[in-house]
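Here's the structure we're looking at; comments come further down.
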Amino acid sequence: MPSKLTNLTIPLLLVLLAVGSSYGGTNDKAGTSAYSFLKIWVGARTQAMGGSGVGLADDETALHYNPGGLPQLLGELPLEEYEFEYEYEKGERIPEKRENWNLFTVSYNNYLSDIQSGFLAYLRPFGSDGIWGVSVNYFNYGSFDETDIDGNKIGTFGASDLAIAGSYAHRLSRRVFLGGTVKFIYESIQDYSSTGLGFDAGFIFRFEDGRTQVGGAITNLGTQLSALGEEKESLPTLAAVGFSHRLRGLPFTLCVDANKPFDNDFYFSLGGEFTRLQPFFLRLGWNYNGRNYKTDSDKDNFAGLSGGFGYNWKKLILDYSYSSFADLGGAHRITFSGSF
């Protein structure tokens, strides 16, 4: 007899695929928004799983994918830091009193064309059911030659992007979490600069089985405060829904996200995390956006694929991921996270 979970999972996946097929055409707004660096994933764990972080959102990178998932971190620290009340119905124990603690993550990404980027974040509880965090997302595009009208080199210039964000999330109940983010965005190239203001909002709903949850987020709503040129551009707004499930009887977490950028076509991502070898974790993912990098070469079959691993040591976590962009190359990311 099919389980309630099976009855739920199959229709949900069909809905995600149906939404995707409805956006299968070409989007004439592709490439028209500003601050494209905000579209690039952060965190090695989520990148290894194809970027499917909206329905899971249970680590520090929820600041980027879905701030509604941040309250899940309230129960992630070592048990000795809590005093507990016990709930025997589902064999769970829920924090009753929490000592002061801090969470952090530092991520480095060696992206395409030697672009370097980093993501730093700090989080801390607020009250009994809240959590706040701050993050910095930074891109450096290196040095470029500046030439005159005849092609003679007359100097060099650089380009960079920066987003500084503050987030807050609240646990409405054991199953419903909400969160939001405000971010200030800065972009510079040579002697020109641009600023913007963005907003994110998201939620997580956890089912009674404790292993299944759905999430939704809309990110990068907002506007440019000042533009590089004469006309202001829109932000790269993204609407996404996600699903995650820890399989019964198998040490594996499955994640599926459906994403609709306002300036591009729909795409979906899926991934998974194998936990049998704890404290060592193995991850694999695939992102439908990989189709955009195919060039009819032998490497096309790997476009959109990603993988990686994680290792937990006491209060520290090391994650690594690699993502393939076919002939364009690949992206390596390493992330350190922990608590103190």
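The values are calculated or read from the model by the stated rules, or taken from the named source; none is laboratory data. Just so we're clear, the structure is a prediction, and the values are computed from it rather than from any experiment. Heads up, the Cβs are rebuilt from the backbone with ideal geometry, glycines too, and the neighbour counts pull from every protein chain shown.
Okay, here's what the table says:
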read-out	value
Selection count where residues are assigned to a loop (DSSP other than H, G, I, E, B) and over 23 Å from GLU208 (Cα atoms), scope segment 237-277	8
Count of residues meeting criterion [at pLDDT below 50 and buried (at least 24 other Cβ atoms within 10 Å of the Cβ)] in segment 45-104	0
Some residue of segment 211-234 being touching a Pro at 6+ places or on another chain (Cβ under 7 Å) and on the phi > 0 side of the Ramachandran plot	yes
Considering residues of segment 262-280 that are in contact (Cβ under 8 Å) with a residue 24 or more places away in the chain and among the hydrophobic types (A, V, I, L, M, F, W, C) only, the residue surrounded by the most Cβ atoms within 10 Å (Cβ to Cβ)	PHE268
Members of segment 301-326 found to be of a type outside the set (A, V, I, L, M), part of a strand (DSSP E or B) and touching a helix residue (DSSP H, G or I) at 6+ places or on another chain (Cβ under 9 Å), listed by number	SER306, GLY307, GLY308, PHE309, GLY310, ASP319, TYR320, SER321, TYR322, SER323, SER324
All positions within segment 126-140 that are of a type outside the set (A, V, I, L, M, F, W, C), surrounded by 11 or more Cβ atoms within 10 Å (Cβ to Cβ) and more than 21 Å from the chain's Cα centre (by Cα)	SER128, ASP129
Inter-residue pairs, beta-carbon under 6 Å, first β-branched (Val, Ile, Thr) and in segment 243-261, second buried (at least 20 other Cβ atoms within 10 Å of the Cβ) and in a strand (DSSP E or B), 6+ apart	THR253/GLU273; VAL256/PHE243; VAL256/LEU270
Options GLU230, GLU208: the member that is surrounded by fewer than 17 Cβ atoms within 10 Å (Cβ to Cβ), modelled with pLDDT under 90 and under 28 Å from ALA57 (Cβ atoms)	GLU208
